[in-house]
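> Got a structure for you, questions after.
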Amino acid sequence: MEKMKMETVDGVSSNIKKIAELFPNCIVETADKDGQKQSVNFDMLKQMLSDDVIDGNEAFEFTWVGKKESIIEANKPIRKTLRPIKDKSREWNKSENIYIEGDNLDALKLLQESYLEKVKFIYIDPPYNTGNDFIYQDDFKLSRSDYEDEMGLLDENDNRLFKNTDSNGRFHSDWCSMIYSRLLLARNLLSEDGVIIISIDDNELSDLLQICDEVFGGVNHQGTFVINASPSAIDYGCMAKMHEYAVMYSKNHLKVKTNQLVDESKEFDYEDEQGPFIIYPLYNGNVAFNPQTRPNLYYPFYLNPNNKLDNDFYEIGLEPKDGWVEVWPVVSKKDGIPRVWRWGKEEKARKNLNKEIVGYMNREGEYRIVQKYRSDKKTIRSLLLDQSNSSRRGTAEVQALFGKKVFSFPKPTELIKNFILTCTNEDSIIMDFFSGSATTAHATFLANNISGNRKFILVQYPEAVESTSEAAKLNYSTLCDIGEDRIVKAGDAIAKESKKELDIGFRVFKVDDGNMNDVYYSADRYSQGMIAAMESNIKTDRTDIDLFFGCILDWGLPLSLPYTSEEISGVTVHTYNNGDLIACFNEDVPEAVVKEIANRQPLRAVFRDSSFANSPAKINVGEIFKAIAPDTSVKVI
């Protein structure tokens, strides 16, 4: 039951609502010292009420409250790291798959050097902004204290997610800022021939398209999929909605190339010694290709009506002969313009006469030149109507794995698998930084089971599950717990039926504060006595492997390469990818160990600053590497 307001009407708000009813294009979101609210664009209102052009500068742009701050946030450096969680990982030493727990904005920043232009395909299913979705409360919107005071939504774990309801004055602006900063960073990770696909519904489709046009360039919009997500339809009053969307953008439209999918419904009408085939007209159906624009493709074939080949096709040639029929490309009945062939006369047609191109008589008794088409592949369609793409199918898949409905509206694996097969090569890296229940990992396993050894990088915020949910009853605490267990369950199920050896493992990392104490970054602010009193510039809760992977990120190495550790002369030596990086973080590292590391000729070597008793000892290490491994880059932390 609602409470009485017990206050007078806000006249300004009331008037703005009246204007919004008549002129919704004149209402904008603004920010001032009192917060965010709706206000009137008076220049636009004057134009709406005038039949003359009102003076003022115009520009084609898409903007919102907080756009500039979101750019600043995307570019702002952070002092955070990725800490390995080996006990939550699977096949840590072998797997090339990565699962990251934490804020995806931080994760994307931390991966910028290690995966710059290395990701072939990104798929994300971000919050749709329906008014009930949780989105990230990024730092640029409000100070932490203001956010806590005004909204009271940070939990005891500093959870940055908040429900973006449509009563919030920044309903669309908050969502746009959230997705914009993340897409700016994601673009850097895409390879030049890379592709990103983003699932969305009506609420933010138009905004997302404009943001993606700005981030990736409008010329890179490859199209928008319409997906039959709810075949039985959801009644929204005026319309029962059945579909969602997925927008597809390339990094560079000049270099992008996608794959065709196997068309399991394909039926072949003919067969020869090369195998089954269908026939396809050799002429080009596009009116833009005609004798005036492509004269080299306009020439006659000659058909022998008295010599039938296999399957009742006719012998053809390129020179006239007695009794042979001249066959030209068809003339369009619609526009009267002759078409041209798709193949050049000498470079392709002559080489395939009576092999891949033959004569044919259609039902009207007209002679045609046709190509034998043998492929069982097809290009992915923009209308994805099959019920295997429905949300209900995704829910059933998760329920089959867990025995309970532990996640709402997961995407179906068939949809994501087909995106993966379309957009990747067999050794590509795939990323999903709104991982949810880890459908993308499941779909990657399915794609690899067909062919290839693709690797995934998943990122998911450890959002707490509802205490009364089925997930909680199964002792899952966060969405990450669900996602990680789904990867295990799906991997086991696929591997059990597979004839291949699949990488069904994953390395788990979590976003955390950096490994170093403040003195490491700003030693000039501390007196010599204060520094001396500190035990270390490294945080006391950090392990060797924390430090090692912190160095891997700092050096821009991938997180998925082989890692080993061993004991040498009483200290632990860590090796990455057979010598890309060797490290030892023990105190008082013996000179013999330093020489052993140098003798292995690593590309990079790192030690703890306190590994050496004094400056002369540190200088001696440098001299050892100069003498034994002069090409090794040596650093300390």
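The values are calculated or read from the model by the stated rules, or taken from the named source; none is laboratory data. In this text, all values refer to a predicted model and were calculated from it rather than measured experimentally. All Cβ positions, even for glycine, are placed from backbone atoms using ideal geometry, and neighbour counts span all protein chains on display. We work out accessible area using only protein heavy atoms, side chains counted, and drop any ligands, DNA or RNA first. Shrake-Rupley method; radii C 1.70, N 1.55, O 1.52, S 1.80 Å.
> Given Cβ point charges of +1 (Lys, Arg) and -1 (Asp, Glu) and nothing else, what value in debye, to the nearest 20, does the dipole of the range 293-412 about its Cα centre take?
Value, rounded to 20: 900 debye.
> Helix-derived [θ] at 222 nm for the chain: sum -39500 (n - 2.57) over DSSP H runs of at least 4, divide by residue count, nearest 500?
Here the helix-only value at 222 nm equals -8000 deg cm²/dmol.
> While we're here: Roughly speaking, to the nearest percent, how much of the chain's 1.4 Å accessible area is carbon and sulfur?
Answer for the chain: carbon and sulfur cover 48 percent of the accessible area.
> Turning to a different aspect of this structure: Treating cross-link reach as a plain straight distance, find the aspartates and glutamates whose alpha-carbon is under 14 Å from the alpha-carbon of Lys635, omitting any fewer than eight places away in the same chain.
Straight-distance partners of Lys635: Asp554, Asp580, Asp609, Glu623.
> Run through the range 181-238 and list the chymotrypsin sites (Phe, Trp or Tyr not before Pro) located in a DSSP loop whose Cβ has at most 11 other Cβ atoms within 10 Å.
Here the sparse-neighbourhood loop sites are Tyr236.
> Right, here's the next one. Local charge sum around Asn220 (other residues, Cβ-Cβ under 13 Å, Lys/Arg +1, Asp/Glu -1)?
-1
> May I pose another question? Rolling a 1.4 angstrom probe over the protein heavy atoms, how many square angstrom per residue are accessible across the chain?
Accessible area per residue, the chain: 53 Å².
> Further question: Cα to Cα, under 18 Å, and not fewer than 8 places away if on the same chain: which lysines meet these conditions relative to Lys76?
Partners within reach: Lys67, Lys68, Lys109, Lys141.
> What residues qualify as long-range amide H neighbours of Asn290, i.e. H under 5 Å apart, gap of 5 or more or another chain, H built at 1.01 Å from N?
Here nothing satisfies the definition.
> Along each of the three principal axes of the Cα atoms of the range 315-363, give the extent in whole Å, ordering the values from largest to smallest.
So the three principal-axis extents are 32, 26, 20 Å.
> What are the residues whose amide H is under 5 Å from the amide H of Ile27, where those residues sit 5 or more places off or on another chain and H is modelled from the backbone?
Asn41
> In a shell of Cβ-Cβ distance under 12 Å around Asp202, excluding Asp202 itself, what net charge do Lys and Arg (+1) and Asp and Glu (-1) give?
Cβ neighbours under 12 Å give a net charge of -3.
> Let me ask something else about it. Can you check what the Kirkwood hydrodynamic radius comes to for the range 371-428, Cα pairs only, in Å to one decimal?
About 13.5 Å for the range 371-428.
> Continuing with this model, one more query. Of all beta bridges DSSP finds with both residues in the chain, what is the antiparallel percent, to the nearest 5?
70
> Using the alpha-carbon centroid of each, what span in Å lies between the range 547-574 and the range 582-631?
15
> Would you mind checking the radius of gyration and Dmax of the range 528-637 based on alpha-carbon positions, in Å?
13.8, 42
> Within straight cross-link reach of Lys17, meaning Cα distance under 16 Å, which aspartates and glutamates are found once same-chain residues fewer than 8 apart are removed?
Counting by Cα, and skipping residues close in sequence, Lys17 has these aspartates and glutamates nearby: Glu29, Asp166.
> If you put +1 on each Lys and Arg Cβ and -1 on each Asp and Glu Cβ, how big is the dipole of the chain around its Cα centre, in Debye rounded to 20?
Dipole of the chain, to the nearest 20 debye: 1700 debye.
> A further question on this structure: May I ask you to list the GluC sites (Glu not before Pro) in the range 536-637 that are in a DSSP loop and have at most 16 other Cβ atoms within 10 Å of their Cβ?
Taking the range 536-637 and a limit of 16 other Cβ atoms within 10 Å, the loop GluC sites (Glu not before Pro) found are Glu587.
> So, one more: What is the distance in Å between the Cα centroid of the range 10-82 and that of the range 290-366?
Answer, in whole Å: 62.
> Quick one: Karplus J couplings for the range 390-405, per residue in order, coefficients 6.51, -1.76, 1.60, θ = phi - 60°, nearest Hz, x for Gly and Pro?
Taking θ as phi minus 60°, the curve returns 7, 4, 4, 5, x, 5, 5, 5, 5, 5, 5, 6, 9, x, 9, 7 Hz for the range 390-405.
> Which log10 I(q)/I(0) values does the chain give at q = 0.08, 0.09, 0.12 Å⁻¹ under the Debye formula, counting every alpha carbon as one identical point scatterer?
Listed by q, the Debye log ratios stand at -0.80, -0.94, -1.28.
> Which whole-number percentage describes the relative contact order of the range 194-290, with Cα contacts under 8 Å and a sequence gap of 6 or more?
The value is 29 percent.
> Related question: Around Ser569, under 12 Å between beta carbons, what's the net of Lys plus Arg minus Asp minus Glu among the other residues?
Net charge around Ser569: -4.
> Sort 270-280, 55-65 by the packing proxy (mean of other Cβ within 10 Å over each peptide's residues), most packed first.
Peptide ranking by packing, descending: 270-280, 55-65.
> Additional query: So what is the relative contact order of the chain, in percent, for Cα pairs below 8 Å that sit 6 or more residues apart? Before the final figure, lay out each step's value.
Numbers: 1114 pairs, mean separation 103.8, N = 637.
16 percent.
> In the structure displayed, which of Lys378/Lys500; Lys404/Lys473; Lys405/Lys489; Lys378/Lys417 lie more than 19 Å apart, Cα to Cα?
Pairs exceeding the cut-off: Lys378/Lys500.
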